[in-house]
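Working notes, structure below.
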Amino acid sequence: VGVQGLRHDLCLMDAPTIYMNRYVCFDYASSVLQSPKKQENILLRLRCLFVLMTSNEIIAQLRLYTILYISFCLPMRWLAAKTQELREWGWGTISNGDAIDTLREKMMGIVDDPTKVLDEGFMMNMFSKYIDALPPLQEYWDHLFKKKQMRLIGAESGATVLQFAQLRKQLFHPSDVTNAATDERLVELAKVAAQENS
Amino acid sequence: VTLLKINHFSAKINSLKERLLQLQQVVLRDYPQLHESIPSTDGINIKKLGQHGLIMTNSCNAAQKARRLLQHKIGGTVFELDCHHHLRNVWIQGMEKLISVYLQVVVSDSLENIAPELRVTCIFLAIARAWDIFLASTETMGALRGVVEGEKARISTISCCGCARFEA
């Protein structure tokens with residue numbers, strides 16, 4: 001986050017981490033806040049984070065950024081970064097402009113009907129035409145949601161999870177009551193976000 | 001400044017040409033049998049970009065001006081393009097600002113009831129920074145591991161960015 005300048009997508013990159021890990025951090029924060037030994041600056045920061053992370057509006061914001069991160073930021077970043085390797089499939093530097101047009105078109109769709117942001121099919125297939133046309137992108141997409149795994153912290157058995165698949169599930173079909181309660185605010189924020197691009 | 005950047009670009013290409021020339025001289029002196037394998041410097045010329053080359057910059061005014069000047073200097077057919085990493089980030093920046101302002105208005109009443117010394121804000125960049133500082137502490141990391149282990153790891157972590165310091 002310390003890196004600024006042109007890397008504004010760091011905001012979107014940060015959101016999934018906070019969205020998924022906030023409960024673990026709550027537990028730690030509450031234990032620190034109850035501890036008799038407290039440093040004033042840490043206490044203030046924790047109280048600030050505590051207020052923020054229990055706010056429906058902030059959770060809705062996190063959920064929106066996370067949805068945008070996996071639905072549009074990841075494929076667009078991949079396309080921009082891998083352009084030089086996609087000549088074989090007829091993809092070149094100029095083709096990236098089409099991705100921008102597609103994004104705009106989808107955002108206009110969200111402005112017309114903001115509830116689409118909750119539609120997994122719509123959001124995750126924003127760039128499906130490129131995923132179908134470019135086998136390396138298809139491979140990356142499959143890797144991300146079907147193969148990419150990480151080991152659970154603290155799991156002695158070495159159990160792993162498909163972290164992006166789990167994240168996707170928590171975004172579009174949240175099992176957590178607090179996350180699910182942000183639907184209304186999320187739709188409202190999605191319209192505001194989409195208006196910026198449409 | 002823009003003109004300086006353009007001249008710097010040409011100078012950079014010329015300096016590469018000069019380096020190759022020096023390499024040729026060294027190889028000719030020390031390894032004459034390999035001299036033929038060093039490419040000729042004649043092929044290094046900025047004018048080659050005029051044969052359907054492409055100049056890609058970010059979309060700020062200064063960069064666009066530099067791009068136009070460079071295009072003029074090269075001549076021929078040169079395409080111009082905005083950097084797509086930059087375009088993506090420009091939209092994200094605009095969106096983030098817009099949402100922060102929007103939320104600031106929506107929760108303004110609640111914010112008034114929160115002690116100002118807590119510095120609670122809706123600006124996401126500030127939230128992310130506070131979160132990053134929180135996770136960056138070694139003490140926090142050790143403690144978080146303890147918390148997770150105690151709770152049988154009911155939550156997994158996402159390792160998609162630098163913020164996920166406690167990834168496996």
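The values are calculated or read from the model by the stated rules, or taken from the named source; none is laboratory data. The shown structure was predicted, so the numbers you read here are calculated from the model rather than taken from an experiment. A quick note on method: Cβ atoms are made from the backbone with ideal geometry, for glycine too, and the neighbour counts reach across all protein chains shown.
Quick notes on this one:
- B:Thr121 satisfies every condition listed in (1) over 30 Å from B:Met56 (Cβ atoms); (2) polar (S, T, N, Q); (3) in a helix (DSSP H, G or I) except (3).
- Those helices (runs of 4 or more DSSP H) of segment A:1-103 in which 1 or more residues are more than 7 Å from chain B (Cβ to nearest Cβ) and modelled with pLDDT under 80 occupy A:10-34, A:40-53.
- Among residues of segment B:101-118 being out of contact with any helix residue (DSSP H, G or I) (no Cβ under 7 Å at 6 or more places or on another chain) and outside any helix (DSSP H, G or I), the one that is nearest to the other protein chains (Cβ to nearest Cβ) is B:Ala115.
- Scanning segment A:170-197 for residues that are modelled with pLDDT under 90, more than 11 Å from chain B (Cβ to nearest Cβ) and under 19 Å from A:Met108 (Cα atoms) yields nothing.
- Residue selected from segment B:47-100 under the condition in contact (Cβ under 8 Å) with a residue 24 or more places away in the chain and in a loop (DSSP other than H, G, I, E, B), by the criterion farthest from the other protein chains (Cβ to nearest Cβ): B:Gly75
- Whichever residue in segment A:104-152 is in a loop (DSSP other than H, G, I, E, B) and either touching a Ser or Thr at 6+ places or on another chain (Cβ under 8 Å) or among the hydrophobic types (A, V, I, L, M, F, W, C) (or both) and, among such residues, is modelled with the lowest pLDDT: A:Leu152
- Inclusion of A:Leu134 among residues that are crowded, with 17+ Cβ neighbours inside 10 Å and in contact (Cβ under 8 Å) with a residue 60 or more places away in the chain is not warranted.
- Of the residues in segment A:90-109, at least one is surrounded by fewer than 17 Cβ atoms within 10 Å (Cβ to Cβ), of a type in the set (A, V, I, L, M, F, W, C) and over 28 Å from B:His52 (Cβ atoms).
- Only residues that are surrounded by 18 or more Cβ atoms within 10 Å (Cβ to Cβ) and either more than 24 Å from A:Val111 (Cβ to Cβ) or aromatic (Phe, Trp, Tyr) (or both) were counted in segment B:87-110, giving 2.
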